[in-house]
Amino acid sequence: MGHQFDEKTPLNTPVTVSVIIPAYNCERFIEKSISSVLEQSFSDFELIIVDDASTDHTTEILKQYQELDRRIRVIRQDTNIGVARSRNTGFDHCRGRLIALLDADDYWHRDKLKRQVEAQEKTNADLVYCSYAIVDERGAKICDDFIVPQTTVLEETLKQNVINCSTALFKSEVIQKHRFRTDYYHEDLVFWIDLLKDGVQTFGLKEVLAAYRIVNGSRASDKLRSAGNRYLVLKNYVKLPFHKVCAIMLSYAVKGIIKYKRK
């Protein structure tokens, strides 16, 4: 399970988990996100936050947290480079054996890292993900929790992506071959497709260990645009024939209706 962090731990010491948060104008939610990491029952981690040239109070908030906890490193971008490049920048600074992703408006339950590290060490999976709650801007649940399958394969991922970025923990060796692409709207879906094509072994924890926040006006809230861009991934990136794309999109629509059915 790795060593436990204390204030005397040298800053260049390898850690078990590198946590990466891309942050852009997220002053409303970033404190909840950071706190959920710092309050983890598993403490052998570093937290790398890539400030993507924020123009609100995000930068000031991050400076305050960096001064409070030596495990936090803030990387400030001079120009806005987007979420995909921000995650890739975080990859370049990782010291962990494992990498965990967290979006700036999402947050974790206290045992999230502990349970995932335990599962990874038990199964030796390349990628571990977990179930999650779907909440609104106030943190209230808007639909049933999304319970993930114990494993996923490429064909099923094309129909419904069960790996939410904020639930993913994977071996750091993965980033030696794969990075987030910047030429697709669904950069996360393309990343998982690349990993599954490469034969990574996955393991899903059915425990709800994270919360995925739907913010008004965000990419996640625009389901029509999301569907259109998923179509482009299937057609232009996976290069499926038209009839196959249509069949998958129909399945995707049905699964989406079920997933986001209001409470």
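If the Cβ limit is 8 Å and pairs must be 6+ apart or interchain, which residue in the range 132-161 that is closer than 30 Å to Glu27 by Cβ pairs with which residue that is in a helix (DSSP H, G or I) and of a type in the set (Asp, Glu)? If the second residue must be in a helix (DSSP H, G or I) and of a type in the set (Asp, Glu), the pairs left are Asn161/Asp188. The set of residues from the range 171-189 being buried (at least 18 other Cβ atoms within 10 Å of the Cβ) and farther than 14 Å from Asn88 by Cα comprises Lys171, Tyr184, His186, Leu189. Which of the residues spanning the range 190-204 are surrounded by fewer than 16 Cβ atoms within 10 Å (Cβ to Cβ) and of a type outside the set (Lys, Arg)? Across the range 190-204, the qualifying residues are Asp198, Gly199, Gln201.
Could you please let me know if Ser41 is at pLDDT 95 or above, on the phi < 0 side of the Ramachandran plot and touching a strand residue (DSSP E or B) at 6+ places or on another chain (Cβ under 8 Å)? Spell out the reasoning first.
Details: at pLDDT 95 or above: yes; on the phi < 0 side of the Ramachandran plot: yes; touching a strand residue (DSSP E or B) at 6+ places or on another chain (Cβ under 8 Å): no.
Judged against the criteria, Ser41 is not a match.
Within the range 100-114, being surrounded by 19 or more Cβ atoms within 10 Å (Cβ to Cβ) and either free of Cβ contacts under 8 Å to residues at least 24 places away in the same chain or basic (Lys, Arg) (or both) holds for one residue alone: Lys112. Residues of the range 166-205 that are assigned to a loop (DSSP other than H, G, I, E, B), polar (S, T, N, Q) and more than 21 Å from Val83 (Cβ to Cβ): Gln201 alone. The test for being farther than 17 Å from Gly82 by Cβ and over 19 Å from the mean Cα position of the chain (by Cα) holds for Gly228. If you go through the range 44-71 and keep only what is modelled with pLDDT under 95 and either under 17 Å from Glu137 (Cα atoms) or of a type in the set (Lys, Arg) (or both), you end up with just Arg70.
When you scan the range 131-140, do you find a residue that is within 15 Å of the chain's Cα centre (by Cα) and charged (D, E, K, R), even just one?
Of all residues in the range 131-140, those within 15 Å of the chain's Cα centre (by Cα) come to 131-134.
Now narrow it down to the ones that are charged (D, E, K, R): none.
The answer is no, given that none of the residues of the range 131-140 is within 15 Å of the chain's Cα centre (by Cα) and charged (D, E, K, R).
If the condition is being more than 22 Å from Arg181 (Cβ to Cβ) and under 22 Å from the mean Cα position of the chain (by Cα), then the range 52-68 contributes Ser54, Thr58, Thr59, Ile61, Leu62, Tyr65, Gln66.
Quick check on my filter: what residues within the range 228-263 are assigned to a loop (DSSP other than H, G, I, E, B) and over 15 Å from Val190 (Cβ atoms)? Break it down stepwise before answering.
Of the residues in the range 228-263, the ones assigned to a loop (DSSP other than H, G, I, E, B) are 238-241, 260-261, 263.
Once the filter is applied, which keeps residues that are assigned to a loop (DSSP other than H, G, I, E, B) and over 15 Å from Val190 (Cβ atoms), the range 228-263 yields Pro241, Tyr260, Lys261, Lys263.
The values are calculated or read from the model by the stated rules, or taken from the named source; none is laboratory data. These numbers were taken from a predicted model, which means no experiment stands behind them. Cβ coordinates were reconstructed from backbone atoms using ideal geometry, including for glycine residues, and neighbour counts include every protein chain displayed.
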